[in-house]
Amino acid sequence: MSGQTLSEMAVEVLTTAEGRAKTALARRHAATWFAARAEGRVIPLGRAAPPMRPARPAEPALLDPRDVPRRRPGSPQGRIALLHAVAHIELNAVDLHWDILARFTDIPMPMGFYDDWVKCGDEEAKHFNLVCDCLEEMGSHYGALPAHAGMWRAAEDTAEDFMGRLAVVPMVLEARGLDVTPGMIAVFEKAGAESAVAALKTIYAEEVGHVAYGSKWFHFLCGRHDHDPKDVFHTLVGKYFHGALKPPFNEEKRAEAGLPPDFYWPLADEIPKRSR
Ligand SMILES: [Fe+2]
Ligand SMILES: [Fe+2]
């Protein structure tokens, strides 16, 4: 394949609309990147202009979050709706990670940053495929239900601010995934939905890595500029994230991912309960 730069690969993922086609391309480009790295070669980063909004399939219809029907996870239809929402988050995550790879190439970073982010972009594609497989097994598919329209907002708000993007996407949004995924796993365990449980467990394990990469490179950039990471994090989340962080937090997994409590508790909408 190829001769494509990493930025060109990323833009190709972003401008591919259909979900499975987007994820197939993401996985193929990631494999090409890592095959070159294994041979001791580096694919040039290049420069390419990522679109302000990624291409997306004609369905699902994107609605204001207030207009997306509420779901009751106790019923099969409710579980389908829950997985559909997860699929939508994963497809958005594919675009978010490949967007970072193309958008901020003017900021010099060690090669390990690109390795980490290509791995994230590959894993999100895998997550989307896994969740789509589960939906199809349950007689549905991605696109069958409406989905939230607002998910790309974090990317637009931080399109010019690399550290803002790292603060909001991996360290707030993906960290939130660590808080809520165990509850989702319990819902599907109760229903005996084995493949959904397995998919969500894979997602849960790999998302710890995504938050950790965010925290690692956020700290790296703060260190480069001799800034206090906690203060910079609070400033950037205040600037770009709309609303307070919602406890309960998964403090154990957040710690595993390099996010200490003094980063997120001061931004929470309740006072911490000192139960331990
Ligand atoms: Fe994911
Ligand atoms: Fe992720």
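A short reminder: the numbers here are calculations on the coordinates, not readings from a lab. If you're wondering where the values come from, they're calculated on a predicted model, not measured in any experiment. Every residue, glycine among them, receives a Cβ derived from its backbone with ideal geometry; neighbour counts consider all protein chains shown.
Here are a few things to note about the model shown:
- Relative to the Cα centre, the charge distribution of the chain, modelled as +1 at Lys and Arg Cβ and -1 at Asp and Glu Cβ, gives a dipole magnitude of about 360 debye.
- Note on the chain: with a GNM built from Cα contacts shorter than 10 Å, the maximum mean-square fluctuation among Val180, Val197, Val168 falls on Val180.
- Leading residue at positive end of dipole, the chain (Cβ point charges), from Leu96, Thr158, Leu245: Leu245
- Centre-to-centre, using Cα atoms only, the range 101-172 and the range 217-252 are separated by 18 Å.
- Semi-axes of the equivalent ellipsoid of the chain are 28, 25, 17 Å, computed as sqrt(5λ) over the eigenvalues of the C-alpha gyration tensor in descending order.
- Counting only lysines at least 8 places from Lys239 when in the same chain, those with an alpha carbon closer than 16 Å to its own are Lys230.
- The chain: most fluctuating residue of Cys132, Cys222, Cys120 per GNM, C-alpha cutoff 10 Å: Cys222
- Along the range 172-184 the Karplus relation, 6.51 cos²θ - 1.76 cosθ + 1.60 evaluated at θ = phi - 60°, assigns HN-Hα couplings of 10, 5, 6, 5, 4, x, 5, 5, 9, 5, x, x, 5 Hz to successive residues, with x for each Gly and Pro.
- Rounded if a/c under 1.5, otherwise prolate or oblate - the range 28-120, Cα gyration tensor axes: prolate
- Hits among lysines - C-alpha to C-alpha of Lys126 under 20 Å, sequence gap 8 or more where chains match: Lys22, Lys201
- Inter-label distance for Glu270 and Gln77, nm, one decimal - labels placed 7 Å from Cα along Cα-to-Cβ: 3.1
- Long-range amide H partners of Leu245 with built H, under 5 Å: Ala268, Asp269
- Ignoring lysines fewer than eight residues from Lys246 along the same chain, the ones with Cα atoms less than 17 angstrom from its Cα are Lys273.
- Distance in nm between pseudo-label sites at Asp67 and Ala31 (7 Å out along the Cβ direction from Cα): 4.0
- Positive-end residue, the chain charge dipole about Cα centroid, Cβ charges, pick of Val13, Gly223, His141: His141
- Cα extents of the range 97-140 along the three principal axes, largest first (Å): 47, 17, 5
- Seen from Gly209, the other residues with C-beta closer than 9 Å to its C-beta sum to a net charge of -3, counting Lys and Arg as +1 and Asp and Glu as -1.
- Considering helices alone, the calculated mean residue ellipticity of the chain at 222 nm is -19500 deg cm²/dmol, with DSSP H runs of length four and up weighted by -39500 (n - 2.57) and normalised per residue.
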